[in-house]
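Notes follow once the structure below has been shown.
The values are calculated or read from the model by the stated rules, or taken from the named source; none is laboratory data. All values derive from a computational prediction rather than experimental measurement. Because the Cβ atoms are built from the backbone with ideal geometry, glycine has one as well, and the counts that use them run over all protein chains shown.
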């Protein structure tokens, strides 16, 4: 992690420097002025004489800003920018006006003003470059890709020329560099290059922070205008990064950043304008975290504050606040309110083409119309889009398939399952059967909302029919299993894609293939944009030729002239249609080239393809991956039910639905885990009814009549944190599932395909490499429990007080016991204490070890400030700026040939909400070369942990069976003489991955 210097309130912002819609930096400098003085200034009429008018305008701008009257502020800045041409400070005022107009006034007017200023050769190069960059930012929010590319080329040229002449203006140079980085990140986002976009924004934050430090040199006070101006750039870059955090699947960290900034606002350290903006920034992170009620509260407060401040209804800020209100209401399933709010929002937008284009999303209109019973309106909306995309792209293009999927959702809500099923097929083909669907139809923004609901409603319909006892077509339940797999896989997908950047950096050949794929993707998008423009021209000509007034004008012409013009128009239309034909062929060829390149990547680097574009296998393929005696159980909790599938080799897939939904299981799992946790001193009683209910509801209906010896389980939500080996097959206290079968967990059903796609390599030669008892330099009480409040104190080096992490001296004994059981050498095969560093792990020879063990704290995203990815806490080195965390990025670069990775003392199997973090960490170790990962659901007891892991890995039995035998030995008392028979001692272990191969 990077060290940040500065003062306390600035440090709180530094928590998010690690990396939806993005927003713009308006780089404003807050002004302090007495209210009475400011109001008196604003009440003064502007004199006619230019010098006096200019002087009062400058004072009134400061007054309006001090009073947070944003509407008035924008009006005054507009006049000041126009009147002050040629005057000192004009460049700064123009820059302020352009940002203020877009953010607080009218986004469309800001776009037009930026174009006019960028095109004005009489203005200075720096101000023209800044205006050109602002124009590109605005265009990146619109849909005309061709215009965006042209204006980006112009902005880059102007910025380059301006920077060449700014050698004597370091502050201005830095601002323009930050501005250019912000806009470049938007281009990268539009191109789908999200990893590059995050890296670009990190650099923008770094430079902006440098600007704050330089502005404070010489002891300048915090309220100094230069310091505040520099801080505005830092805050804007930080805000953009907050949105990037959400795009990269780091919503918990984004929530922390937003909450810390709102705390500063409540403490009076930020202006109300910044408080309003951090409110909607926090809201979008909470929506991504499914904290819809909190998100709605923050979005409503933001919108109220913005409205009171006079922000225009077509402003960027109002749109960001209002879109989060719509999303929150949809997330809360308050359909009537969401519909009324969205329709009122659209109806009250002024004639601002950019604002209307951004706000008017056809998917949301169709969804809300259908959810409120206006099915004809919804179908008309989606049919129009589908017809256009069919004509533009053809029926096999992802954009056309998306439109078909939204139409399927509308038909399903209408009650037309037969019609919906037909329309679902193209969407399923795009998102379930095609690995490229992870990139072509990125499930974010309005698309993610609506297509996510299309999936949810399909699963809900299957659940409802199952609970009614209706006949279910096997094709329906098979597709539903793939949908569940997509939902389980998608929860960790973004973090893995982001983390894969280090893999690309270390693999030049793969990086070259991916860069070529990105080039082809951009070329395909450009071809489609050209075709779109030509189709628009064809429509214009066709409408002109069929217009009654136009026909009347032709009819009034002399016969020869009329025939001449008619022929010319016919030829013109024919020529455009020939262009359409050729461009459609070119677009299809570009698309085919893109698909071929993706196939080349998948064939050359299959493990990388499994990571970033994972296959979602159908049940028929999953059956072929299973051995006799194995079965795959997939559990998908919904709002009012839980769907369950059992895939068996050589048999039809079984399906059932439990009436207990996600909330019910969350409550039950929490109760079970609490009851099994003896670390709090509770009596060693067993929650027999609850453990038997798990079997009765989720397992018995599907396992009846089978002889399953090894059960693989892919579960979502709270069920991923449920120790299924402790479920009871009857009401008898000792009838544990572990007695009957081995249980292995999977991050998703598709993970089995990745693990068994190719034969396993020969086992590694050496038994063990272990890392444990890291020296955190802590005075905290030792133990495996929660990290505690002490470790959540923010500090500049790590984002939290790293030295407060509790030490784990008992893990040294565990690793020594494991070393003895496996015949390893403690001197050469273990890293302990101060030697257990990230650098030592990355340099260790891990490829020749059958078992790699990490006995340390596992950190999940959001568990500590600044931790945005799953990580293992290791010992810090003498380099105070180097991170001591082994993060997911590092895991992907490891080269393993391990039968298993042991995460002891990590508490990692519990994961975060939805199990996404554990899923990502497990898949990371799979990519690195491990066949399985053994983690813990809770902080297990030390002596029993050493005994169980030693017994499990010392046996010659397959991994899952070895763990089961060790667990049964504890249950029956042959291991531990009966003192470890309670599930607290043995059920906390979860084996993820392949149970045997």
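Descriptive notes on the structure:
- Qualifying residue in the stretch 886-904 (condition: in the same structural domain as residue 805 (by TED's automatic domain parsing), assigned to a strand (DSSP E or B) and modelled with pLDDT under 85): yes
- Residue match in the stretch 167-174 (condition: surrounded by 19 or more Cβ atoms within 10 Å (Cβ to Cβ) and over 24 Å from the mean Cα position of the chain (by Cα)): yes
- Qualifying residue in the stretch 169-180 (condition: in contact with a helix residue (DSSP H, G or I) (Cβ under 6 Å, 6 or more places away or on another chain) and more than 19 Å from residue 94 (Cα to Cα)): no
- Among (1) surrounded by 17 or more Cβ atoms within 10 Å (Cβ to Cβ); (2) out of contact with any helix residue (DSSP H, G or I) (no Cβ under 8 Å at 6 or more places or on another chain); (3) not in a helix (DSSP H, G or I), the one test that residue 702 misses: (3)
- Evaluation of residue 836 against the conditions (1) at pLDDT 90 or above; (2) buried (at least 24 other Cβ atoms within 10 Å of the Cβ); (3) in contact with a helix residue (DSSP H, G or I) (Cβ under 6 Å, 6 or more places away or on another chain) shows that the sole unmet condition is (3).
- Selection from the stretch 612-630 of residues that are in a helix (DSSP H, G or I), surrounded by fewer than 21 Cβ atoms within 10 Å (Cβ to Cβ) and touching a strand residue (DSSP E or B) at 6+ places or on another chain (Cβ under 7 Å): 623
- Answer residue from the stretch 953-969, given it is farther than 26 Å from residue 714 by Cβ and in a helix (DSSP H, G or I) and is farthest from the chain's Cα centre (by Cα) among those: 969
- Every pair of residues 6+ apart whose Cβ atoms lie under 6 Å, when the first sits in the stretch 539-565 and is more than 26 Å from residue 578 (Cβ to Cβ) and in the same structural domain as residue 578 (by TED's automatic domain parsing) while the second is surrounded by fewer than 11 Cβ atoms within 10 Å (Cβ to Cβ) and at pLDDT 90 or above: none
- Residue ID - surrounded by the most Cβ atoms within 10 Å (Cβ to Cβ), chosen from residues in the stretch 970-992 that are in a strand (DSSP E or B) and in contact with a helix residue (DSSP H, G or I) (Cβ under 6 Å, 6 or more places away or on another chain): 992
- Residue in the stretch 378-389 that is at pLDDT 90 or above, crowded, with 23+ Cβ neighbours inside 10 Å and closer than 30 Å to residue 294 by Cβ present: yes
Rundown of residues vs (1) within 30 Å of residue 720 (Cβ to Cβ); (2) more than 29 Å from the chain's Cα centre (by Cα); (3) at pLDDT 80 or above, yes/no style:
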residue: 758; (1), (2), (3): yes, yes, no
residue: 771; (1), (2), (3): yes, yes, yes
residue: 783; (1), (2), (3): yes, yes, no
residue: 788; (1), (2), (3): yes, no, no
residue: 807; (1), (2), (3): yes, yes, yes
residue: 823; (1), (2), (3): no, yes, yes
residue: 851; (1), (2), (3): yes, yes, yes
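- The listed residue being at pLDDT below 90 and in contact with a helix residue (DSSP H, G or I) (Cβ under 6 Å, 6 or more places away or on another chain), out of 370, 355: 355
- Evaluating residue 208 against the criteria (1) under 27 Å from residue 921 (Cα atoms); (2) buried (at least 23 other Cβ atoms within 10 Å of the Cβ) leaves one unmet condition, (1).
- Scanning the stretch 701-723 for residues that are closer than 18 Å to residue 669 by Cα and at pLDDT 95 or above yields a single hit, 713.
- Verdict on residue 403 being within 29 Å of the chain's Cα centre (by Cα), part of a helix (DSSP H, G or I) and either assigned by TED's automatic domain parsing to the domain that holds residue 530 or closer than 25 Å to residue 583 by Cα (or both): yes
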